[in-house]
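Student: Quick one: the structure is below, and I'll ask about it shortly.
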Amino acid sequence: MKVPASTVQILPDTLDFITAAVVGRHGPLAFTQLRDRAQLKPGEWVLVMGAAGGLGSALVQAAKYLGARVIAVATHALQPPSNWERMRESTTGIRT
């Protein structure tokens, strides 16, 4: 496959390809939708449905970065335990 050099990114050794793909695809979308479309302000609450998935976890991270308080909802049967641990660390609290 041939692509323009400007679209190629060098991955750090600590970042795997799957995580890089999620960050590169979902990160910008989550951030711009919360900041520009929803006009999210610090201290506001955000409910993220499907928070253990790629876009959902990006929304949780973007909302926290923008100063929001996050309620994350996901089905544990569909996601590996590592996703749940990441959500617990990223939110104001989560009950399973």
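Student: Compare the peptides 58-71, 27-40, 4-17 by average per-residue count of other Cβ atoms within 10 angstrom and give them in order, highest first.
Tutor: Peptide ranking by packing, descending: 58-71, 27-40, 4-17.
Student: Which cross-chain or sequence-distant (5 or more) residues have an amide H under 5 Å from the amide H of Val70, H modelled 1.01 Å from N in plane?
Tutor: Long-range HN contacts for Val70: Val46, Thr92.
Student: Pop a pseudo-label 7 angstrom from the Cα along the beta-carbon direction at both Ala38 and Asp16 and give the gap in nm to one decimal.
Tutor: Spacing of the two 7 Å Cα→Cβ label points: 2.7 nm.
Taken together, the values in this text are just the output of simple stated rules run on the coordinates, not laboratory data. Quick caveat: nothing in here was measured; it's all calculated off a predicted structure. Note that each Cβ is placed from the backbone with ideal geometry, even for glycine, and that neighbours are counted across all protein chains shown.
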